[in-house]
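Working notes, structure below.
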Amino acid sequence: PNPFNPIVKIDFAIPEASLSIVNVFDVRGRKLDNLSNQFYSPGYYSVTWDASAYSTGVYFITLSSSKTRLTQKVLLLK
């Protein structure tokens, strides 16, 4: 859900086996958290981000793999 408070579940699909990295960035582009950095087989996965240590605001969750980079904007409301 978007906005969320304070835990968000990120669902994603991997179409082909690859190393995939899920990171969280703030609006200034600073990396705040690494949610996943592993090799995935094709399939559906999810990771959870507990943002209780962060303030209300906009954050970006990025999924990077060998051929793709996807970014989702999320809003944390406390």
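The values are calculated or read from the model by the stated rules, or taken from the named source; none is laboratory data. Model, not experiment: these values are computed from the prediction. SASA here: full protein model, heavy atoms, side chains in, ligands and nucleic acids out. Shrake-Rupley method; radii C 1.70, N 1.55, O 1.52, S 1.80 Å.
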In the chain, how many lysine pairs have Cα atoms under 19 Å apart, counting only pairs 8 or more places apart or on different chains? 4
For the chain, calculate the relative contact order in percent as a whole number, restricting contacts to Cα pairs under 8 Å that are 6 or more residues apart. 39
Percent accessible area from carbon and sulfur atoms, segment 36-78, protein chains only, probe 1.4 Å: 54
